[in-house]
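Chemist: Quick one: this structure, given as structure tokens, is what I'll be asking you about.
The values are calculated or read from the model by the stated rules, or taken from the named source; none is laboratory data. Computed from a prediction, not measured in an experiment: that's the story for all the values here. FYI the Cβ positions are ideal-geometry reconstructions off the backbone, even for glycines, and counts take in every protein chain you see. When the accessible area is computed, the model is the full protein with side chains, heavy atoms only, and any ligands, DNA or RNA have been set aside. Shrake-Rupley method; radii C 1.70, N 1.55, O 1.52, S 1.80 Å.
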Amino acid sequence: MFDTARRTSDPLLSLHWRQTSTPPRLGMAVSRKVDSRAVGRNRIKRVLRDATRHILPWLQGGDYVVVARSAAAQASNAQVREAFLRVLRRAGALPVPAADGTMPPPVRAASTSLSPTEPEPRSG
């Protein structure tokens, strides 16, 4: 499935990205070799999910798999987040911020909006 994927890596994690026309999907692999404690593995996944949520409007469509490395267990949340953003930019999945540090406006069609929708009214 990821034979044609772009691969980039960082000392903290590696990224496999297969570009498609579908909305972005994130998969994470944080093994026990990274951190033997579940709380440590969950922290890394929580940071990655939160970072993805904040950059979702700018993220190119496709399937993303992030594989954490052992160094991620000792890294701070900010370091994991920066490593994630760095590999996304290196892969071309995320635009590079402007000189003033702001991201360009997101370019998405209205039909592919990823914002939550209103819940349907309950009947009965």
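Chemist: Failed condition for Thr8, given (1) at pLDDT 95 or above; (2) surrounded by 13 or more Cβ atoms within 10 Å (Cβ to Cβ); (3) of a type in the set (Val, Ile, Thr), with all others met?
Modeler: The number of the failed condition is (1).
Chemist: Say whether the condition of being basic (Lys, Arg) and touching a Ser or Thr at 6+ places or on another chain (Cβ under 7 Å) is met by at least one residue in the range 28-39.
Modeler: yes
Chemist: Condition (residue is open to solvent by 50 Å² or more (accessible area, probe 1.4 Å), touching a residue at least 60 places away in the same chain (Cβ under 8 Å), not basic (Lys, Arg) and not in a loop (DSSP other than H, G, I, E, B)) applied to the range 32-41: is it met by at least one residue?
Modeler: no
Chemist: A further question on this structure: Quick one: Pro23 ticks every box in (1) buried (at least 16 other Cβ atoms within 10 Å of the Cβ); (2) not in a helix (DSSP H, G or I) bar one, so which box is it?
Modeler: (1)
Chemist: Can you give me the number of residues within the range 46-78 that are part of a loop (DSSP other than H, G, I, E, B), open to solvent by less than 50 Å² (accessible area, probe 1.4 Å) and at pLDDT 95 or above?
Modeler: Residues flagged as part of a loop (DSSP other than H, G, I, E, B), open to solvent by less than 50 Å² (accessible area, probe 1.4 Å) and at pLDDT 95 or above within the range 46-78 amount to 1.
Chemist: What pairs come up if the first residue lies in the range 56-72 and is closer than 12 Å to Phe84 by Cα, the second is of a type in the set (A, V, I, L, M, F, W, C) and assigned to a helix (DSSP H, G or I), and their beta carbons are under 7 Å apart, counting only those six or more places apart or on different chains?
Modeler: So the pair list comes out as Val66/Leu48; Val66/Phe84; Ala68/Ile44; Ala72/Ile44; Ala72/Val80.
Chemist: Does at least one position in the range 22-32 carry a residue that is among the charged types (D, E, K, R), out of contact with any Cys (no Cβ under 7 Å at 6 or more places or on another chain) and over 18 Å from Gly92 (Cα atoms)?
Modeler: Yes, because at least one residue in the range 22-32 is among the charged types (D, E, K, R), out of contact with any Cys (no Cβ under 7 Å at 6 or more places or on another chain) and over 18 Å from Gly92 (Cα atoms).
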